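Working notes for the structure below.
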Amino acid sequence: MLRKNFSHGFAHDDWDAAKAEARAILIDIARRGRTIAYSELVEQIPQIDLSAYDDRLFHFLGEIGEAESLAGRGILTATVVHKSADRSPGGGFYELAKHLGKNVSDRDRFWIEELERVSTYWRGATSRSAIAQGHELERLSIMIPEYPGSHPFSRSTNPKFYRRDELGDTAFGDTNRTRFFEKVLAGLYWSLGRAVPYAFITKSGEVRSLDAGCVKFLLNRQPPQIRLVCDPVGAIIAVEPTDALLGAYQERRTKLVSQVSPEEALLPLDFDLDAPVDERRRVLSEQIIRDGAASFRATVLSAWENRCAITKTKVEAVLDAAHIFRYLGPKTNDVRNGMPLRTDIHRLFDLHLLTIVPNEGGARVSISKMLGTTIYRKLDQALVTFPRNASFAPDFRILEYHAQAFRLAEAARM
């Protein structure tokens, strides 16, 4: 139960803005049927300074969870879990549920059912049978460039969702308007690191949706230049450019990304491997706040098709987006400086007990002699297959930097 006379110590506007941001994040997590760790959530809420163990976080999540439950959408905070150990919610979640009159005698069963309830609700909120209200759409940290004429990224407070069979004829347009559309679509895909939502809210608060005609034209081309992502009732909820489209704009990638996300553009390798500037920000607990962590994770996992680069594990709950060269601020959140690693492999990688050695054919794993009698010995010389899109592959300079650090560490262990 939320404590009476509680004072969080923040400006009320900041507290409310942070709750709105957290709610949007959790809705996206629920819609995708996933969970998020307490520590990962607070990293993504810059409006207020909370840690995963801050007593005020209980009230923060409690207010969100209570409001959502009373609105009939389930306890949205069921999506927030411990990062390690049982990967389930903390005691505060069950205390809130009991306060709301829920039967929590079997905690695991209750949590799983509540998680399914909120996931089902928010997945259904994007179906074409639902009226897409602005607060139900995903807010993206992007901007849409202006276009002189009928804009192919429509402005609408109530976008209509179409099924593929409703797109009409088999024509494929090639006009200035469709070329503008495909360039912006490519930029959005590279900026987000995943499929572009059919309708969304921009950084400035505008509701935008993809022009159905442009979607149809790109889909009808041979080969098709987009893939559709549909919900259970067949409505198009996202669009993903194919390699055929991306390849046509690869040389202009940096410019296209900067046009849709000028503050978060994918830059050339913009950090010095020999003398980096530490751009980390710290809170009183000395916990590092990793700017852009969620975006970096989404980009890296998508590039590698959501599987560990070494073990090929596809269980997302145990996958980390690892920095090859250690995190030293936003500049190091370059997709070429990342790869998905299973949590235990990530730990070994950071401790230089394991590395990935680049060669002409790609790269192979090399393990420390310290692991020679462990279950990890079978990974030695395992082949690492890079993403099909070469622009997402690790930069060989960074791999070699880590491999050299591994060699030095290994020599010191002799």
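The values are calculated or read from the model by the stated rules, or taken from the named source; none is laboratory data. Because the structure is a prediction, the values reported are computed rather than measured. When we count neighbours, we look across all protein chains shown, and the Cβ atoms used for this are built from the backbone with ideal geometry, even at glycine.
Of note:
- Checking each residue in segment 68-94 for being surrounded by 14 or more Cβ atoms within 10 Å (Cβ to Cβ) and assigned to a helix (DSSP H, G or I) picks out Glu68, Ser69, Leu76, Thr77, Ala78, Thr79, Gly92, Phe93, Tyr94.
- Of all the numbered requirements in (1) part of a helix (DSSP H, G or I); (2) of a type outside the set (D, E, K, R); (3) more than 20 Å from the chain's Cα centre (by Cα), Ile29 misses one, and that requirement is (3).
- Those residues of segment 66-84 which are among the aliphatic types (A, V, I, L, M) and in contact with a Pro (Cβ under 8 Å, 6 or more places away or on another chain), in sequence order: Ala78, Val80, Val81
- Residues that are under 20 Å from Phe296 (Cβ atoms) and out of contact with any helix residue (DSSP H, G or I) (no Cβ under 9 Å at 6 or more places or on another chain), drawn from segment 372-395: Val384
- Output for segment 72-123, where each listed residue is within 30 Å of Ala238 (Cα to Cα) and in contact (Cβ under 8 Å) with a residue 60 or more places away in the chain: Arg87, Leu115, Val118, Ser119, Tyr121, Trp122, Arg123
- Residues of segment 95-122 classified as aliphatic (A, V, I, L, M), surrounded by fewer than 19 Cβ atoms within 10 Å (Cβ to Cβ) and in a helix (DSSP H, G or I), total: 1
- Sole residue being closer than 21 Å to Phe200 by Cα, assigned by TED's automatic domain parsing to the domain that holds Tyr94 and touching a Lys or Arg at 6+ places or on another chain (Cβ under 6 Å), chosen from Arg31, Arg73: Arg31
- Within segment 386-414, residues that are surrounded by 13 or more Cβ atoms within 10 Å (Cβ to Cβ) sit with their Cβ atoms under 7 Å from residues that are of a type in the set (Asp, Glu), at 6+ positions apart or across chains, in these pairs: Asn389/Asp243.
- Residue tally, condition modelled with pLDDT of 85 or more and within 21 Å of Arg139 (Cβ to Cβ), over segment 111-129: 1
- The residues of segment 296-307 that are crowded, with 22+ Cβ neighbours inside 10 Å and either polar (S, T, N, Q) or farther than 15 Å from Leu192 by Cβ (or both), listed by number, are Thr299, Trp304.
- Neighbours by Cβ (under 6 Å, 6+ apart or cross-chain): first from segment 51-71, among the hydroxyl-bearing types (Ser, Thr, Tyr); second modelled with pLDDT of 85 or more and not in a helix (DSSP H, G or I): Ser69/Ile75; Ser69/Leu100
- All positions within segment 41-59 that are over 21 Å from Trp122 (Cα atoms) and not in a loop (DSSP other than H, G, I, E, B): Val42, Glu43, Asp55, Arg56, Leu57, Phe58, His59
- When we screen Phe93, Phe60 for residues that are touching a strand residue (DSSP E or B) at 6+ places or on another chain (Cβ under 8 Å) and not assigned by TED's automatic domain parsing to the domain that holds Pro197, the only hit is Phe93.
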